[in-house]
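The values are calculated or read from the model by the stated rules, or taken from the named source; none is laboratory data. Keep in mind that what you see is a predicted model, and the values were worked out from it rather than measured. Quick reminder, even Gly has a Cβ in these numbers, built from the backbone with ideal geometry, and neighbours come from all protein chains shown.
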2 protein chains.
Amino acid sequence: MRAVDLIEKKRDGGELTPAEIRWLVQGYVAGRIPDYQMAAFLMAVYFRGMSEAETVALTQSMVESGERMDLSAIPGVKVDKHSTGGVGDTVTLVLVPLMAASGLVMAKLSGRALGHTGGTIDKFESIPGVRTELSLGEIVEQAKRVGAVIADHTAELVPADRLLYELRDVTGTVPSLPLIAASVLSKKIAGGADAIVLDVKCGDGAFMRTLPEARRLAETLVRVGNRLGKKFAALVTAMDQPLGRMAGNALEVRQAIEVLRGEGPKDLREVVLALGAELLVLVGEASSPKEGQEKLARLLDEGKAFAKFRELVAAQGGDVRAVEEPERLPRAAQVVEVLAPQSGYVQALRARAIGLACGLLGAGREVKGQRIDPAAGVELLAKVGDAVERGQPLARLHVGRPDHLPEARKMVEEAFVIGATPPAPSPLILDRIV
Amino acid sequence: MRAVDLIEKKRDGGELTPAEIRWLVQGYVAGRIPDYQMAAFLMAVYFRGMSEAETVALTQSMVESGERMDLSAIPGVKVDKHSTGGVGDTVTLVLVPLMAASGLVMAKLSGRALGHTGGTIDKFESIPGVRTELSLGEIVEQAKRVGAVIADHTAELVPADRLLYELRDVTGTVPSLPLIAASVLSKKIAGGADAIVLDVKCGDGAFMRTLPEARRLAETLVRVGNRLGKKFAALVTAMDQPLGRMAGNALEVRQAIEVLRGEGPKDLREVVLALGAELLVLVGEASSPKEGQEKLARLLDEGKAFAKFRELVAAQGGDVRAVEEPERLPRAAQVVEVLAPQSGYVQALRARAIGLACGLLGAGREVKGQRIDPAAGVELLAKVGDAVERGQPLARLHVGRPDHLPEARKMVEEAFVIGATPPAPSPLILDRIV
């Protein structure tokens, strides 16, 4: 087999066999196939796409490139979740203890991804003392004992995904449906869970801007995922405005704690319950999403999810007092208000701009290894549909790096679109694919 | 500027500015832009194409990557020619001395390209003693003195083309119209001629299989070439069956000598005269292609072109006796005939198969630096339209490497399509673009 022949086959619209795809992935991970041939192949995939069979084979080959997390020694049903990413996406911090409280096991591997706001790992680490770099052995042990883990991706799982993602990032080949699907699914398959729910975000602040795009990704993920022998379900959820009222790291932990206590923003609670209910349905613990949501809502309202969160934080070395008294979480030295420039109704609140502003304030990282400020971020005091008066505070900026404050302030101010009439209400859960 | 942004711009169908293209080419040649980003860019160009302005900028940037041949010290008009390559394409060996005999200067840089048959340099070197590795100074001196040179590409001219071609070859990005055009034109512009004729081959034995494809390439070459400030014309010529009756290295030299003496196969003579006449018209030495052809035909028939060829061979250290007595050229120890399996008319003679057979017999090279056998090749005793009797010899195989002889023999036999009726005659010159 020659790499150039496979590149040309894909370039000309042909369908690669599973053996051909495995040969490419293995050869690339082993260093036999150079970056430049893989880059050309990925760009050909960008233009030609991949069949479902090809995507299955790509995912499988990527899973085979490293170790798999073996959760079989843990009694009970293991579940997992993946989000395509948005602004204020605090869901994981709530869902992991909630599912554990319901009796399932959820060992979530997350990232410290580049971006305007940190990844789940960055958020979780804003709780003083929390340690996320766990070995596979530690993860399994904690999953067995507590039922809940939030740990950093380990390098041993799916090395092909790390290599391919780094290459895609610098060659303009990130936004390809089959490549995104194989990246997401390979990590979930290697993660060892029995059932997985996918949150495909859609809108201004998400990777997928339109509903048809988001739906196509969700369908591909569920179809390919099911062919790989696991139970998958997906929700397409709105990400035009940020989820909840916080974007940042410690700020999102504070918000997660509110939801875990049965309080907090309604939209975040709604997405958490909807995703959790899909998992309950997938594993047979609820006969319908509605029944699942009611069951999980009780766990939030009765404090059981919050108790499990305390247990999770303690298990990973975190300071439980900071969870019980969230004012102990990192706080910004400077907090600046953004005021409404006119009266009216908030008709839109651009999630992408809020995310960018978070980055400018110090909540994200532009290059690998950069230190983030856990206290930095944006607190939203008004959201879409709210009536506001001129001069009323719309948001609070929690300033980590003051050098970009004027820019961040302008960005947040412009993220609010204020008009004379209230906008038509729009749903949060846009589609359900099972 | 970031390479990934330019990759994405092209991927999304945008038009790059001349400054952006120059930055990419310069960065790649300097090693600042890695192979994998250039490979992704080239694949995006494969799918999205390039505007004429982009192709002009790419060609210019490639020319600027190295030295240009400065022929300005040579009195008279300098001409050049390029062929996209075919089987039995002996044109250059005839055209260079012919144009010199007509009073123009033709310093032709050629390749030792990979392929089933050798490049022009390999053919020319099958004359004992001929030296083709000339310095730029030697080329200019000989062009001034003799009016004719056939020399190996020097590394100093268009290093960007060498680097890009090597990358395209292993990344499935060779067959892209703007990339082909920039490669061809950059070398011709750097070659320093005033007027250039292009022979775009079309058919089974050529890179361009269909007339629309070949015509599109020819048009692009002439349009972009003219925008680069040189005079260009192109002919699209048929390459369904090999040109002439010889394919190989010394065999093609023998055939070139026949044509230079006013003899030889009619089709080869016709293509030589047509291309030469376009050059005469371009530089104002003929008022029409017809007048140019008549002028050049006289130079062949009166022996003036052959005299110039002897001078050319002598100037490059070759043994002139081998030109006067071609039996002194390298000869294969073994010659095998292929017989007609049935009577009828030759309806097709597949050029690609004849080329492949040449390679099997030892006339080409599969990897860089491989030694070729100058005597190896295929001599065609019948061509399309000829009536043949069962058992009559169709071709002679001049065997360099006997190990693949059975395969080569089968290939040549199957290259002849023999049927009951004579085929409709088809033209040799398919289109003219000026």
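Would a scan of the stretch A:88-105 turn up a residue that is in a strand (DSSP E or B), in contact with a His (Cβ under 7 Å, 6 or more places away or on another chain) and either at pLDDT 95 or above or crowded, with 23+ Cβ neighbours inside 10 Å (or both)? Checking the stretch A:88-105: not a single residue is in a strand (DSSP E or B), in contact with a His (Cβ under 7 Å, 6 or more places away or on another chain) and either at pLDDT 95 or above or crowded, with 23+ Cβ neighbours inside 10 Å (or both). Is at least one residue of the stretch A:113-124 in contact with a Leu (Cβ under 7 Å, 6 or more places away or on another chain) and either at pLDDT below 90 or assigned to a strand (DSSP E or B) (or both)? Yes, that holds for at least one residue. When the test is whether a residue is touching a residue at least 40 places away in the same chain (Cβ under 8 Å), out of contact with any Lys or Arg (no Cβ under 7 Å at 6 or more places or on another chain), assigned to a helix (DSSP H, G or I) and more than 14 Å from every other protein chain (Cβ to nearest Cβ), A:Ile139 passes it.
Among the candidates A:Arg145, A:Arg168, A:Arg162, the residue that is basic (Lys, Arg) and under 16 Å from A:Arg112 (Cα atoms) is uniquely A:Arg162.
In summary, B:Thr173 fulfils each of the numbered conditions (1) away from every other protein chain (no Cβ under 14 Å); (2) over 17 Å from the mean Cα position of the chain (by Cα); (3) not small (Gly, Ala, Ser) with the single exception of condition (1). Close contacts from the stretch A:197-225, counting a first residue that is of a type in the set (Phe, Trp, Tyr) and a second that is outside any strand (DSSP E or B), with Cβ to Cβ under 6 Å and a gap of 6+ residues or different chains, come to A:Phe207/A:Thr84. Annotation: B:Asp403 fulfils all but one of (1) modelled with pLDDT under 95; (2) touching an Asp or Glu at 6+ places or on another chain (Cβ under 9 Å); the unmet one is (2).
Scan the stretch B:58-65 and give yes if some residue there is assigned to a loop (DSSP other than H, G, I, E, B), touching a Lys or Arg at 6+ places or on another chain (Cβ under 9 Å), away from every other protein chain (no Cβ under 11 Å) and in contact (Cβ under 8 Å) with a residue 40 or more places away in the chain, otherwise no.
no
Does any residue of the stretch A:307-314 turn out to be within 20 Å of A:Val130 (Cβ to Cβ) and in a loop (DSSP other than H, G, I, E, B)? For the stretch A:307-314, residues within 20 Å of A:Val130 (Cβ to Cβ) and in a loop (DSSP other than H, G, I, E, B): absent. Among the residues making up the stretch A:327-346, those that are surrounded by fewer than 18 Cβ atoms within 10 Å (Cβ to Cβ) and within 26 Å of the chain's Cα centre (by Cα) are A:Glu327, A:Arg328, A:Arg331.
Mind listing just one residue for me: the one in the stretch A:1-12 that is over 35 Å from the mean Cα position of the chain (by Cα) and among the hydrophobic types (A, V, I, L, M, F, W, C) and, of those, nearest to the other protein chains (Cβ to nearest Cβ)? Here the residue is A:Val4. Residues in the stretch B:13-45 that are β-branched (Val, Ile, Thr), more than 12 Å from every other protein chain (Cβ to nearest Cβ) and part of a helix (DSSP H, G or I): B:Ile21, B:Val25, B:Val29. Among the numbered conditions (1) free of Cβ contacts under 8 Å to residues at least 12 places away in the same chain; (2) within 14 Å of another protein chain (Cβ to nearest Cβ); (3) among the charged types (D, E, K, R), the only one that A:Arg162 does not meet is (2).
For the stretch A:102-113, the criterion of being over 15 Å from the mean Cα position of the chain (by Cα), under 20 Å from A:Leu198 (Cβ atoms) and small (Gly, Ala, Ser) is satisfied by at least one residue. The strands (runs of 3 or more DSSP E) found entirely in the stretch B:325-434 that carry 1 or more residues being on the phi > 0 side of the Ramachandran plot are B:344-349, B:377-380. Taking the stated definitions as given, is B:Glu258 without any contact (Cβ under 8 Å) to a residue 12 or more places away in the chain and in the same structural domain as B:Val313 (by TED's automatic domain parsing)? Considered against the rule, which asks whether it is without any contact (Cβ under 8 Å) to a residue 12 or more places away in the chain and in the same structural domain as B:Val313 (by TED's automatic domain parsing), B:Glu258 comes out as yes. Scanning the stretch B:189-212 for residues that are among the charged types (D, E, K, R) and at pLDDT below 95 returns B:Asp204, B:Arg209.
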